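This report concerns only the one structure given below.
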Amino acid sequence: VWFNNVPHTRLVEDKGGQNWISRKGKDKFKFPGGGTQFIHGADQYLNQISKMVPDITFGHHIRVVLDVGCGVASFGAYLMSRNVITMSIAPKDVHENQIQFALERGVPAMAAAFATRRLLYPSQAFDLIHCSRCRINWTRDDGILLLEVNRMLRAGGYFAWAAQPVYKHEEALEEQWEEMLNLTTRLCWNLVKKEGYIAIWQKPLDNSCYLSREAGTSPPLCDQDDDPDNVWYVDLKACISRLPENGYGANVAPWPARLQIPPDRLQSIQIDSYIARKELFTAESKYWNEIVDSYVRALHWKKFQLRNVLDMRASFGGFAAAIIQNQLDAWVLNVVPISGPNTLPVIYDRGLIGVMHDWCEPFDTYPRTYDFLHAAGLFSIERKRCNMSTIMLEMDRILRPGGRVYIRDSLDVMDELEDIAKAMGWRPTLRDTSEGPHASYRILTCDKRHG
């Protein structure tokens, strides 16, 4: 990573001895792959986790991971080569710009805090959630923060905890370990393995254990009418999110097959559609495959420096799937706007990552962290809710110099968008879609210049 892009040395001073990060000459940082709990490197640490629990098959049954308190995201960076996509989050960015470092490395990361509200990810999103010395007191307030982990963890998914209470024999730490054991037992989690400084639990596949607990056991099950996928400005709840009685979410296909298989949870998405959902899903995949295919051919996408990609209105994640099908060395963060249906469960069931957002508000990332922004049909919907220039200015903040924007939208918003792009110093080009000059849609491609 270029030093000038993230000119902060505090992390090197604080964490240099733990092999997180070091300064290379005057103009670069390098990342040796270590962490507080894995000084010998993330690769060795990942091998240890797989040996401890052979069912944790990275890139097969374990495809989507959440790393809490991620440091510079070496855990997520080393999982990429194993075909695993990791959402790395830092709750309190105490060591200055960890998330910015992660994104500079080309690793998915967001600023997100375990505090009082639900995180912006759906229920049963992650096959494995990892916390290595993440400085979170999981047992406080009736375990409300671990209950949020439980909501986001897939049925049958794993929670890996590497922390001092797991292995240190000091009285206070042993007490913390006992509290954690007590809480996870009440959550019906099974302690699969404890070895060295790592403990790994597994979440149950259904509600049967919850329902057979003694009456009055806390935490209780959430009310029947609580929607675990409702996350936008929703307070945390000290209750156990129920798993769907029909088993939806528990049985996703292994990677890479799951990318193209319409998942069970497609049936529970609230959408107005004239055609069957599975047909809609398949049609969307085919549509984006053809478009990305043509972008690669005609607009030479393989030559772009394309790595961190934001799809601003992702629907079922068809665009991100097409990027993978075309073997582009990029990852996509799929954004599902609150103004439309919540398709996030489908995105995660496909083995992709995403987040809920309202584009009338700022996005949780540092400036200049994405190489490419993709907005299909976004402005024609959002302009009824907020000013288009507000969204465009936020896009400019997120986009790195030299980055590109593709806006695919109806003709009636294009003139205004082109004017805003010019006013911001972008270089816009209006193009016809493959349907030709008489189609009601156009593509506005923009380059953000250096300086």
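No value in this document is a laboratory result; all are computed from the given coordinates. If you're wondering where the values come from, they're calculated on a predicted model, not measured in any experiment. Every residue, glycine among them, receives a Cβ derived from its backbone with ideal geometry; neighbour counts consider all protein chains shown.
Between HIS300 and ALA111, what length in nm is gained on full extension when 0.36 nm per residue of separation is reduced by their alpha carbon distance? Don't skip to the end; give the middle numbers.
Numbers: separation 189, 0.36 × 189 = 68.04 nm, distance 3.25 nm.
That works out to 64.8 nm of additional length.
Taking the Cβ of each residue in ARG186, ARG350 as the centre, tally the other Cβ atoms inside 10 Å and list the residues starting with the fewest.
On the way: ARG186 17, ARG350 30.
Ordered from fewest to most neighbouring Cβ atoms within 10 Å, ARG186, ARG350 come out as ARG186, ARG350.
From the Cα gyration tensor of segment 257-448, with a ≥ b ≥ c the square roots of its eigenvalues, which class applies: rounded if a/c is under 1.5, or else prolate if a/b is larger than b/c, or else oblate?
Verdict is rounded for segment 257-448.
So what is the calculated 222 nm ellipticity per residue for the chain, using -39500 (n - 2.57) for each DSSP H run with n of 4 or more, over all residues, to the nearest 500 deg cm²/dmol? Walk me through the numbers before you get to the answer.
Numbers: 14 runs with 132 residues, N = 451.
Helix contribution divided over all residues of the chain: -8500 deg cm²/dmol.
Is there a pair in LYS51/LYS168; LYS237/LYS384; LYS168/LYS237 whose C-alpha atoms are over 25 Å apart, and which pairs would that be?
On the way: LYS51/LYS168 22 Å; LYS237/LYS384 33 Å; LYS168/LYS237 31 Å.
Beyond 25 Å: LYS237/LYS384; LYS168/LYS237.
Using a Förster distance of 30 Å, how high is the FRET efficiency between ILE338 and GLU435, based on the Cβ-Cβ distance and rounded to 0.05? Intermediate values should be presented prior to the final figure.
Details: r = 30 Å, r/R0 = 0.99.
Efficiency, from the Cβ-Cβ distance: 0.50.
If I fit a long axis through the Cα atoms of helix 140-152 and take the longest principal axis of the Cα atoms of the chain, what angle between them do I get, 0 to 90°, rounded to 10?
50 degrees
How high is the FRET efficiency between ALA283 and GLU171 when r is their beta carbon distance and R₀ equals 56 Å, given to the nearest 0.05? Display every interim value, and only then the final one.
Details: r = 61 Å, r/R0 = 1.10.
It comes out at approximately 0.35.
Given R₀ = 41 Å, FRET efficiency for GLN267-SER81 by Cβ-Cβ distance, to 0.05? Walk me through the intermediate numbers first.
Details: r = 34 Å, r/R0 = 0.84.
After rounding, the FRET efficiency stands at 0.75.
What full-extension length gain, to one decimal in nm, is calculated for ALA253 and LEU205 as 0.36 nm per residue of separation minus the Cα-Cα distance? Let's see the in-between values first.
On the way: separation 48, 0.36 × 48 = 17.28 nm, distance 1.50 nm.
Full-extension gain reported as 15.8 nm.
Counting pairs of alpha carbon atoms under 8 Å apart in space and at least six apart in sequence, what relative contact order in percent does the chain give?
11 percent
Give the order of LEU328, LEU411, LEU430 when sorted by the count of other beta carbons within 10 angstrom, beginning with the fewest. Could the numbers behind the result be given before it?
Values: LEU328 20, LEU411 12, LEU430 15.
Lowest count first: LEU411, LEU430, LEU328.
Out of the GluC sites (Glu not before Pro) in segment 181-285, which ones are loop residues according to DSSP with at most 14 other C-beta atoms within 10 Å? Working shown, then result.
On the way: sites: GLU195, GLU214, GLU245, GLU279, GLU284; in loops: GLU214, GLU245.
Passing both the DSSP loop test and the Cβ count: GLU214, GLU245.
Please give the Cα centre distance for segment 46-72 versus segment 133-189, rounded to the nearest Å.
A separation of 17 Å, based on Cα centres.
Rounded to whole Å, give me the distance from the Cα center of segment 266-324 to that of segment 388-422.
20 Å
Could you tell me which trypsin sites (Lys or Arg not before Pro) in segment 380-436 are loop residues by DSSP with no more than 14 other beta carbons within 10 angstrom of their beta carbon? Walk me through the numbers before you get to the answer.
Numbers: sites: ARG383, LYS384, ARG385, ARG397, ARG404, ARG408, LYS422, ARG431; in loops: ARG383, LYS384, ARG385.
The qualifying sites are LYS384, ARG385.
Gain in length, ASP223 to ASP141, computed as 0.36 nm per residue apart minus the alpha-carbon separation, to one decimal in nm? List each step's numbers first, then the result.
Details: separation 82, 0.36 × 82 = 29.52 nm, distance 1.90 nm.
Once the chain is fully extended between ASP223 and ASP141, it gains 27.6 nm.
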